[in-house]
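Trainee: Before I ask anything, here is the structure I am working with.
The values are calculated or read from the model by the stated rules, or taken from the named source; none is laboratory data. This one's a predicted model, so the numbers in the text were calculated from it and none came from an experiment. Here Cβ is always computed from backbone atoms with ideal geometry, including for glycine, and neighbour counts include all displayed protein chains. Accessible surface areas use protein heavy atoms only, side chains included; no ligands, DNA or RNA. Shrake-Rupley method; radii C 1.70, N 1.55, O 1.52, S 1.80 Å.
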Amino acid sequence: GESVGLHLPTLSVQEGDNSIINCAYSNSASDYFIWYKQESGKGPQFIIDIRSNMDKRQGQRVTVLLNKTVKHLSLQIAATQPGDSAVYFCAEIERDDKIIFGKGTRLHILP
Amino acid sequence: DTAVSQTPKYLVTQMGNDKSIKCEQNLGHDTMYWYKQDSKKFLKIMFSYNNKELIINETVPNRFSPKSPDKAHLNLHINSLELGDSAVYFCASSQSGRAHNEQFFGPGTRLTVL
């Protein structure tokens with residue numbers, strides 16, 4: 001389930017299940033969105049991106065969905081593995097090329 | 001080989017001191033960035049340099065001064081350190097100055113100001 005911890009919302013998922021991480025963005029004029037993964041002690045790492053003229057994009061085991069009507073972005077991870085444990089950030093790129101990161105969600109994999 | 005490297009990895013210092021963090025990328029990228037990540041994991045861009053020229057300077061105290069001796073290096077100098085400067089600082093690089101381009105992040109420098 002999903003819970004709000006002291007610092008970050010945490011999503012706990014059983015290994016092998018699918019994970020869905022959600023993000024609400026702020027600027028309806030943003031034209032590009034990115035998901036980053038940050039493992040403990042490391043810098044963020046690009047996972048997948050999507051342009052505002054698309055509503056879905058698939059990568060390897062990951063899918064990003066964009067709902068511009070409600071300014072919502074989601075990251076779906078299929079068959080979650082222990083290596084998927086990390087903090088996931090969405091980022092929006094505004095028209096003036098400014099990048100704004102979301103607050104982050106910690107994904108915790110249960111054995 | 002590490003694509004984006006930062007030194008030091010950890011930096012503990014007293015309030016009022018001046019310190020520098022170094023960043024180097026060997027990806028041949030034109031653009032480099034500095035980000036600050038606070039204790040709540042909130043990540044915010046501070047500066048961006050494209051071919052040694054400053055292109056983004058967010059609302060950052062002027063105690064922070066980036067210096068780019070060449071396009072492979074972007075160092076961050078901080079004067080008169082304050083408690084609130086404690087954070088993890090990430091350097092990143094990308095092919096060009098557009099934020100749409102994939103950014104490659106360094107491992108971070110954890111700064112603790114006592």
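Trainee: Do any residues in region A:89-100 that are more than 17 Å from A:Trp35 (Cβ to Cβ) have Cβ atoms under 7 Å from those of residues that are open to solvent by 50 Å² or more (accessible area, probe 1.4 Å) and part of a loop (DSSP other than H, G, I, E, B), where the two are at least six apart or on different chains, and which pairs are they?
Mentor: Final answer for the pair search is A:Asp97/B:Arg98.
Trainee: Shifting gears a bit: From B:Tyr10, B:Tyr89, grab the single residue that is within 14 Å of chain A (Cβ to nearest Cβ), hydroxyl-bearing (Ser, Thr, Tyr) and within 22 Å of A:Phe89 (Cα to Cα).
Mentor: Unique residue meeting the criteria: B:Tyr89.
Trainee: If you check B:Val88 against the conditions, is it within 14 Å of the chain's Cα centre (by Cα), in a loop (DSSP other than H, G, I, E, B) and not basic (Lys, Arg)?
Mentor: Numbers: within 14 Å of the chain's Cα centre (by Cα): yes; in a loop (DSSP other than H, G, I, E, B): no; not basic (Lys, Arg): yes.
Here the answer is no, as B:Val88 does not meet what is asked.
Trainee: Answer yes if at least one residue in region B:48-63 is within 14 Å of chain A (Cβ to nearest Cβ), out of contact with any helix residue (DSSP H, G or I) (no Cβ under 6 Å at 6 or more places or on another chain), part of a strand (DSSP E or B) and open to solvent by less than 10 Å² (accessible area, probe 1.4 Å), and no otherwise.
Mentor: yes
Trainee: While we're on this one: Among the residues of region B:14-33 satisfying the criterion of being modelled with pLDDT under 95 and either in a strand (DSSP E or B) or in contact with a Pro (Cβ under 8 Å, 6 or more places away or on another chain) (or both), which is nearest to A:Ala91 (Cα to Cα)?
Mentor: Only one residue tops the list, namely B:Tyr33.
Trainee: Now a separate question. Out of (1) at pLDDT 95 or above; (2) open to solvent by less than 30 Å² (accessible area, probe 1.4 Å); (3) not in a loop (DSSP other than H, G, I, E, B), what's the single condition that is false for A:Gly83?
Mentor: (2)
Trainee: Can I ask one more? Could you check B:Lys44 against (1) crowded, with 20+ Cβ neighbours inside 10 Å; (2) in a strand (DSSP E or B); (3) within 12 Å of chain A (Cβ to nearest Cβ) and say which number it fails?
Mentor: Every condition holds for B:Lys44 apart from (1).
Trainee: Looking only at residues that are among the small types (Gly, Ala, Ser) and surrounded by fewer than 17 Cβ atoms within 10 Å (Cβ to Cβ) in region A:22-63, which one is nearest to the other protein chains (Cβ to nearest Cβ)? First the steps, then the outcome.
Mentor: So in region A:22-63, the residues among the small types (Gly, Ala, Ser) come out as A:24, A:26, A:28-30, A:40-41, A:43, A:52, A:59.
This time we only want the ones that are surrounded by fewer than 17 Cβ atoms within 10 Å (Cβ to Cβ), so: A:24, A:26, A:28-29, A:40-41, A:52, A:59.
Details: A:Ala24: 15, A:Ser26: 14, A:Ser28: 17, A:Ala29: 14, A:Ser40: 11, A:Gly41: 7, A:Ser52: 11, A:Gly59: 13 Å.
Residue satisfying both the conditions and the ranking: A:Gly41.
Trainee: Something else: Scanning region B:92-114 for residues that are more than 12 Å from the chain's Cα centre (by Cα) and part of a strand (DSSP E or B), which turns out farthest from the other protein chains (Cβ to nearest Cβ)?
Mentor: Only one residue fits best here, namely B:Val113.
Trainee: For B:Lys36, only one of the following conditions fails: (1) open to solvent by 50 Å² or more (accessible area, probe 1.4 Å); (2) in a strand (DSSP E or B); (3) modelled with pLDDT under 95; (4) within 23 Å of A:Lys103 (Cα to Cα). What is its number?
Mentor: B:Lys36 satisfies every listed condition except (3).
Trainee: Got a sec? Which of B:Glu24, B:Glu82 is among the charged types (D, E, K, R) and closer than 21 Å to B:Gln103 by Cα?
Mentor: One residue alone meets the criteria, B:Glu24.
Trainee: Filter region A:64-80 for residues that are touching a residue at least 60 places away in the same chain (Cβ under 8 Å) and open to solvent by 20 Å² or more (accessible area, probe 1.4 Å) and give the result.
Mentor: Scanning region A:64-80 gives A:Ala78, A:Ala79.
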